1. I need a count of the residues in segment 138-156 that are touching an Asp or Glu at 6+ places or on another chain (Cβ under 6 Å) and either open to solvent by 10 Å² or more (accessible area, probe 1.4 Å) or free of Cβ contacts under 8 Å to residues at least 24 places away in the same chain (or both).
2. So for segment 700-722 (the condition being within 27 Å of the chain's Cα centre (by Cα) and hydroxyl-bearing (Ser, Thr, Tyr)), does at least one residue qualify?
3. Of all residues in segment 105-130 being within 16 Å of the ligand (Cβ to nearest atom) and in a helix (DSSP H, G or I), which is farthest from Ser376 (Cα to Cα)?
4. Out of all the residues in segment 503-514, is one or more at pLDDT 95 or above and either under 30 Å from Phe154 (Cβ atoms) or not in a helix (DSSP H, G or I) (or both)?
5. Pairs needed: first member in segment 427-440, farther than 16 Å from Asp110 by Cβ and in contact (Cβ under 8 Å) with a residue 24 or more places away in the chain; second member anywhere, hydroxyl-bearing (Ser, Thr, Tyr) and surrounded by 21 or more Cβ atoms within 10 Å (Cβ to Cβ); C-beta distance under 6 Å; at least 6 residues apart or different chains.
6. Being open to solvent by 10 Å² or more (accessible area, probe 1.4 Å) and under 27 Å from the mean Cα position of the chain (by Cα) is the requirement here; does Glu536 meet it?
7. Those residues that are among the basic types (Lys, Arg), modelled with pLDDT of 95 or more and surrounded by fewer than 21 Cβ atoms within 10 Å (Cβ to Cβ), I need them from segment 324-379; list them, please.
8. Determine which member of the set Phe254, Phe250, Phe209 is within 13 Å of the ligand (Cβ to nearest atom) and open to solvent by 10 Å² or more (accessible area, probe 1.4 Å).
Amino acid sequence: MKAIHLFSTCLSLLAGMISVSAQPLTPRQRADRLLEKMTLEEKIGQMNQISDKSKLTGPVTERGFSSLAELVEKGMAGSLLNVTDPKAIRAYQEAALRSRLGIPLIFGLDVIHGMRTIAPIPLGEAASFDLEAIERSARWAATETAASGIHWTFAPMVDVCVDARWGRVMEGAGEDPYYGSAVARARVKGFQGDDLSAANTIMACCKHFAAYGAAVSGKDYNSVDMSRGHFYNYYMPPYKAAAEAGVATFMNAFNDFDGVPCTGNAFLLQELLRERWQYPGFVVSDWNSVGEMVPHGYAADRREAAAAAADAGCDMEMCSLCYFDHLKELVESGRVPEKKIDDAVRRILTAKFALGLFDDPMRYCDTLRMRRTVLSDEIRAAARDMAKRSVVLLKNDRRVLPLPADIRSIALVGPLCDSQTDMKGGWAGEGVVDSIVTLRRALTDRGYTVHFAEGYDPATGRERDTGAAIRAARSSDAVIVAVGERASDSGEAKSRGELNLPAGQQELVKKLVDTGKPVVVLVMGGRPLIFNGIRECAPAILFTWWLGTEAGNAMCDVIFGEYNPSGKLPMTFPAHMGQLPIYYYHKSTGRPADPAKSHTTRFIDIENDPAYPFGYGLSYTTFSVSAPRLEKAVLAPGEETRALVTVTNTGERAGEEVVQLYVRDRFASVTRPVKELRGFRKVMLAPGESRTLEFPVTKEQLGFYTNDGKFVVEPGDFDIMAGNSSDNLLRTTLTVTQQ
Ligand code: BGC
């Protein structure tokens, strides 16, 4: 039997090769030819994605298989996820090649910020506002992933989120749709490059479609309810940008949208994705999300769930096995048209051809390449570069930072300074923990005398052995104290109702500051956190997210001034829990906020202002940013212009600044936010150096989506604003005339 399979496999591979050399067929044409040979069972087999049992990234599905390899050999799986051992990958691929048509498997994995070498968490990378660095980082992740036998990452997550209670903000690019779109493009390009079959590229997956980041009260998996207009303007753009950038796949979201679970949502999957955007790639469900249409109260049973998902255009089912159990009967009974199945399978096969899997199914299984690539010096250097760019300097009174060169001894306080697991950050399952450089190790390697003290209990945040921490501070030249949440506190299913740092951590910092020694506070976390006590008393604060394999070295680069920090916050940092959700692009309202007046849009017990606004971040030098000057201040409809903005390094060190351009449409047929990011540029300037930057002011900058999804520019006056933070802007006026 096996021999027959092998023979037919060889035949079909040969046939593929002959047809390629005779006449170069596109992946899509090759998929069409193969589809003609497939039985209904084989087609449905391609639509199943099954997880390795040893590495579950979601709740256990209804049934385990005694032998996954046997199932694969029968052609009943199109893709496996969470298989990471190269030997197992090879064995499963061999099993797939023994199936009647020898269709290779796609291996998928959540490579969210690195495979074995870990880069900063995505929200941290986003703080760099450096699209080239972000793209490079994704490419290095792809290089290590492809060398480890995996073809497909479930990234980037492009969900906009304005509520830091949602644990998954760590996986995205923050709150802004314009910036989120730019990061989405960079990540897709980084993972995929121009050729999916190249040795250093993998397929990306834009997730979670759609609006998953808008879960009510930031509670993971919760319902989403928003107007279409709001969706088009603030949540949809990054998905659209990823589709336009050619992302190979999309993933459904767990939530419902307009009351219909996203996995069975025809508006999202048919109207938007396929019809309006003409998206050619394939859609995978999220983990179990087909079956979860039952508890959603949308499908009466798993059979109905399978029908709804297949009808809506969910091409591959991750884990819940509703397709596996019911799709054949649903097609045979006429409930689901076979054309739906053909369309789905064609898209899946096209991806397999594009990956080069039919030409060389083992091309990704090269252990020699894997050994040469993984954790190479080059990749580690790139991870360190990305990490230092991700750090945000929040406060630097009396120029405590950078620490001077003559410092010899350092009191290092806080268990987070020495925790490899935390530095790795969430969603980094395959990251090599032993290779992670903690801050303690980096300081020791640099030859400092390190007096380490825990200062608080990492589990509760309560002070612990404060005396030792104070003694360490008194006997050292400077103090570095790390506070924050644990890495395992953010990520999927890690919604939090409290973002204030524990009182113990904040009091400890106060006591250390009271020693009179220079104190640098590192706040670590996967999301915006609240630390008003520390904000008040600490002279220097760096927000370091989770920086990955080279975390400690990158922190030292910044702390000692070898790298001048240049990160900016991609999310508003609230000052109080009651402010959530909070974001800079809020509307004016009919009663604009006025702290001095009652009956305006404000709280009676807390202020409206955040702790730190979107786009905020300091440097060891200072910059001035001019008001924008418009090449044309009056535009006829359809005309475009440019805004010129001069940025000057007014300090004594070379440094990078992120110059930001915001727009406000003062009056429109639909109310518009008080400001919206519409351009940014990161530039390096020597002391005293000035540069004039040009920002396009086109339809993209001035327009918005109407409630029925049309993108329009309406005549009237616009504020064009420039600066280096969303709350530090100078403005000018632009008019778009009627005719
Ligand atoms: C997550 C996805 C992830 C998938 C596979 C789900 O729980 O929502 O983002 O890609 O698991 O691990």
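1. 0
2. Taking segment 700-722 as the starting set, the residues that turn out to be within 27 Å of the chain's Cα centre (by Cα) are 700-705, 709, 711, 722.
With the extra rule that they be hydroxyl-bearing (Ser, Thr, Tyr), the set shrinks to 705.
There is at least one residue in segment 700-722 that is within 27 Å of the chain's Cα centre (by Cα) and hydroxyl-bearing (Ser, Thr, Tyr).
3. Filtering segment 105-130 for residues that are within 16 Å of the ligand (Cβ to nearest atom) and in a helix (DSSP H, G or I), the one farthest from Ser376 (Cα to Cα) comes out as Leu123.
4. Checking segment 503-514: not a single residue is at pLDDT 95 or above and either under 30 Å from Phe154 (Cβ atoms) or not in a helix (DSSP H, G or I) (or both).
5. If the second residue must be hydroxyl-bearing (Ser, Thr, Tyr) and surrounded by 21 or more Cβ atoms within 10 Å (Cβ to Cβ), the pairs left are Ser435/Thr549; Ile436/Thr549.
6. Details: open to solvent by 10 Å² or more (accessible area, probe 1.4 Å): yes; under 27 Å from the mean Cα position of the chain (by Cα): no.
No, not satisfied.
7. First pass over segment 324-379, keeping only residues among the basic types (Lys, Arg): 328, 335, 339-340, 346-347, 352, 363, 369, 371-372.
Remaining after also requiring modelled with pLDDT of 95 or more: 328, 335, 339-340, 346-347, 352.
Residues satisfying the conditions are Lys328, Arg335, Lys339, Lys340, Arg346.
8. Among Phe254, Phe250, Phe209, only Phe254 is within 13 Å of the ligand (Cβ to nearest atom) and open to solvent by 10 Å² or more (accessible area, probe 1.4 Å).
The values are calculated or read from the model by the stated rules, or taken from the named source; none is laboratory data. Model, not experiment: these values are computed from the prediction. When we count neighbours, we look across all protein chains shown, and the Cβ atoms used for this are built from the backbone with ideal geometry, even at glycine. The accessibility values were calculated without ligands, DNA or RNA, using every heavy atom of the protein model including side chains. Shrake-Rupley method; radii C 1.70, N 1.55, O 1.52, S 1.80 Å.
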